[in-house]
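S.K.: Once you've had a glance at the structure underneath, I'll fire off some questions.
The numbers here are math on the coordinates, done by the rules we state, and not lab data. Model, not experiment: these values are computed from the prediction. Here the Cβ is made from the backbone with ideal geometry for all residues, glycine too, and neighbour counts use every protein chain on show.
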Amino acid sequence: MAQDHDPPSQSLASSSKLPSQALPYLCRESGRDALSDVLRGVKLTGAVFHLVEASRPWGVELPAAERYAPIILPGAQHIVSYHIVLEGNGWAVVPGLAPLPFEAGDILVLARGKPYALLSAPTQAPEYTAEATLGFFRDWMAGKLPFVTREGGGQPGGARYVCGFLGCDLLPFNPVLAALPPLLRVKRAAGDGLLDRLLDLTLAEADLPRAGGESIRLRLSELVFIEVLRQYLESLPAHETGWLAGLRDPAVGRALTALHDDPARAWSLNDLAAEAGLSRAALAARFAHLVGHPPMQYLTLWRLQIAARRLADSGAKVAAVGREVGYASEAAFSRAFKKTVGLSPAAWRKKAAGDH
């Protein structure tokens, strides 16, 4: 890639906005909200990004995320990539999906780690193959390349876009990741304040090399991704299902927020139905339809995600971790953990230590 020192699809263009009456159910009086809780629980493990200025014809192919994760974010279980289109247009191509056009103002999110390509035309052969992109990533992370990557054939009508890569946990349970389609296109709102300011800060920081700049850029990249998630949440169509759709539903959102506010509580379906303002049967059916798991199964999965993170990040004893997430005995916790995760708590901790 030429360098300069000056690197099923879903469109939300016309989807409905989050109902205003649903907003109060995204957090409780404690001030905690379920989306922030999940993002903490799956631990955004770091982020990197660069700016691309492409002239026609251009094309870049990215391999499966598992191939470049060890290069750009060693130790991350999974990588989500996103691209924020500042100028111009092009096509996103994911095997098995119809090519998706994009233009200035679009944000592309690829959450599943599948191979994909960004091209000036849907049938354009990539200028940089997957192997060439891996080589670019190696040089980039070694500090051999500048923040801005210039590529393409030199003809007018190209594109300018930010490429971001965010590491996060995948296992045992990442409900946000599971809720995102393989290729998501979000339309930025006209005159969007926060996201525009974050992008301005990101680009300004890249142009002013200073002590601590890398840490600032990493945090900015995480903030950009979280704001994109919030815009997706607020733009979900009424018919959508998944964890984020459950969060924006008034009744299910109340139930989710209650579970996240106190996951160690000995919840019953009756308790949760009272929080949601529905009957037991109505909550069970609505929760399972939107979230994809019955309420009590979801609680188990989330408890184990919290436990997995505590095991990886602390030296707390297994029994203490189990008590923190609502298990009365170490034996009961260990059985539930191994049944869901496939490893004992001790083996999980050992594996997490080895990965890092």
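S.K.: Give me, ordered by chain and number, the residues 5 or more places off Gly46 or on other chains with an amide H under 5 Å from its own placed amide H.
M.R.: Close amide H contacts, sequence-distant or interchain: Gly167.
S.K.: At 222 nm, what value in deg cm²/dmol follows for the chain if DSSP H runs of at least 4 each add -39500 (n - 2.57) and the sum is divided by all its residues, to the nearest 500? It would help to have the intermediate numbers written out before the result.
M.R.: Values: 14 runs with 157 residues, N = 356.
It lands at -13500 deg cm²/dmol.
S.K.: Pop the C-beta distance of Asp262 and Ile216 into the FRET formula with R0 = 51 Å and round what comes out to the nearest 0.05.
M.R.: Step by step, r from the Cβ atoms, then E = 0.90.
S.K.: Quick check on the stretch 153-298: what does the Kirkwood estimate of hydrodynamic radius come out to from the alpha carbon pairs, in Å?
M.R.: Kirkwood radius, the stretch 153-298: 18.1 Å.
S.K.: Hey, if you put +1 on the Cβ of every Lys and Arg and -1 on every Asp and Glu Cβ in the chain, which of Leu220, Gly322, Val148 ends up farthest toward the positive end of that dipole?
M.R.: Result: Gly322.
S.K.: At R0 = 25 Å, how high is the FRET efficiency between Arg323 and Ile226 if r is their beta carbon distance? Nearest 0.05 is fine. Mind dumping the intermediate values first?
M.R.: Working: r = 31 Å, r/R0 = 1.23.
Rounded to the nearest 0.05, the efficiency is 0.25.
S.K.: Tell me the Kirkwood radius of the stretch 249-355: reciprocal of the mean inverse pair distance over distinct alpha-carbon atoms, in Å.
M.R.: Kirkwood radius, the stretch 249-355: 14.5 Å.
S.K.: Right, here's the next one. Of Leu269, Gly193, Pro101, which is farthest along the charge dipole of the chain in the positive direction, counting Lys and Arg as +1 and Asp and Glu as -1 at C-beta?
M.R.: It is Leu269.
S.K.: Ranked from highest to lowest mean number of other Cβ atoms within 10 Å per residue, what is the order of the peptides 138-145, 67-74? Write down the numbers at each step before the final one.
M.R.: Working: 138-145: 13.4, 67-74: 17.0.
Ranked by mean Cβ neighbours within 10 Å, highest first: 67-74, 138-145.
S.K.: Could you tell me what percent of the DSSP beta bridges with both partners in the chain are antiparallel, to the nearest 5? Walk me through the numbers before you get to the answer.
M.R.: Working: 41 of 49 bridges.
Roughly 85 percent of the DSSP beta bridges within the chain come out antiparallel.
S.K.: Right, something else. What whole number of Å gives the distance from the Cα centroid of the stretch 37-81 to the Cα centroid of the stretch 214-255?
M.R.: Answer, in whole Å: 19.
S.K.: Ok, one more. Roughly how many debye, to the nearest 20, is the charge dipole of the chain about its Cα centre, given +1 on each Lys and Arg Cβ, -1 on each Asp and Glu Cβ, and no other charges?
M.R.: 1380 debye
S.K.: Once the convex hull of the alpha carbons of the stretch 304-356 is built, what does its volume come to per residue, in cubic angstrom?
M.R.: Measuring per residue, one finds 63 Å³ for the Cα hull of the stretch 304-356.
S.K.: Based on alpha-carbon centroids, what's the gap between the stretch 107-165 and the stretch 311-347 in Å, whole number please?
M.R.: 42 Å
S.K.: Could you give the Stokes-Einstein D for the chain in µm² per second, using the C-alpha Kirkwood radius, 25 °C, 0.890 mPa s? Don't skip to the answer; put the middle values down first.
M.R.: Numbers: Rh = 21.7 Å.
Reported coefficient: 113 µm²/s.
S.K.: May I ask you to evaluate 6.51 cos²θ - 1.76 cosθ + 1.60, the Karplus curve with θ = phi - 60°, for each residue of the stretch 334-342 and list the ³J(HN,Hα) values in order in whole Hz, giving x for glycine and proline?
M.R.: 4, 4, 5, 5, 5, 4, 8, 8, x
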